[in-house]
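Okay, so here's the structure we're looking at.
The values are calculated or read from the model by the stated rules, or taken from the named source; none is laboratory data. What you see is a predicted model, and the numbers here were worked out from it, not measured in a lab. Cβ coordinates were reconstructed from backbone atoms using ideal geometry, including for glycine residues, and neighbour counts include every protein chain displayed.
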Amino acid sequence: MLEHRDRGSRAAFTPLSESRARSTRVPRVATGHLVSLAIAALLGLAFATACGKPRELTAADRGEVIYRTNCISCHNSDPNLPGPLGPAIAGSSRALIEARVLHGTYPPGYHPQRHSHTMRALPWLDGHIDDLTAYLAAAAHPAG
């Protein structure tokens, strides 16, 4: 039996058994691509499994990010040391951090280390005070 295939302007006839045989074979190029994709998928799966879940950040970790992003331009990168404009703030109370960071004020009864009043309120840090407090508590170390 013959199969008719139209190729442009001239007709071609191929035996049906040969046509079926050709259609069931996978070209070598496609096979090579499939093998490459399979290897890449296995490697990706191996790396994903080896890496595991990302580390969960603690409050102190998040607070360090907040501190390094917002505070070290005035305070020292080591919160135990005074910075170019701001004092050492490691171990500061939550009340002080909240008053200074969110409102630019001091808590009742607090006597400031400096009287410059250059720090402005950073209201966008609302919701991060506990994290910042945790970092400053963790960073505090006794002098000496």
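Restricting attention to the range 34-43, does a residue exist that is modelled with pLDDT of 95 or more and out of contact with any Lys or Arg (no Cβ under 9 Å at 6 or more places or on another chain)?
Scanning the range 34-43, I find no residue that is modelled with pLDDT of 95 or more and out of contact with any Lys or Arg (no Cβ under 9 Å at 6 or more places or on another chain), so the answer is no.
Restricting to the range 92-123, name every residue that is assigned to a loop (DSSP other than H, G, I, E, B) and either among the aromatic types (Phe, Trp, Tyr) or in contact with a Phe, Trp or Tyr (Cβ under 9 Å, 6 or more places away or on another chain) (or both).
Within the range 92-123, Ser93, Tyr106, Tyr110, Pro112 qualify.
Tell me yes or no: at least one residue of the range 77-84 is of a type in the set (A, V, I, L, M, F, W, C), at pLDDT 60 or above and closer than 14 Å to Ala139 by Cβ.
yes
Only one residue in Gly109, Gly127 is in the same structural domain as Gly63 (by TED's automatic domain parsing), under 15 Å from Tyr67 (Cα atoms) and loosely packed, with under 11 Cβ neighbours inside 10 Å, so which one is that?
Gly127
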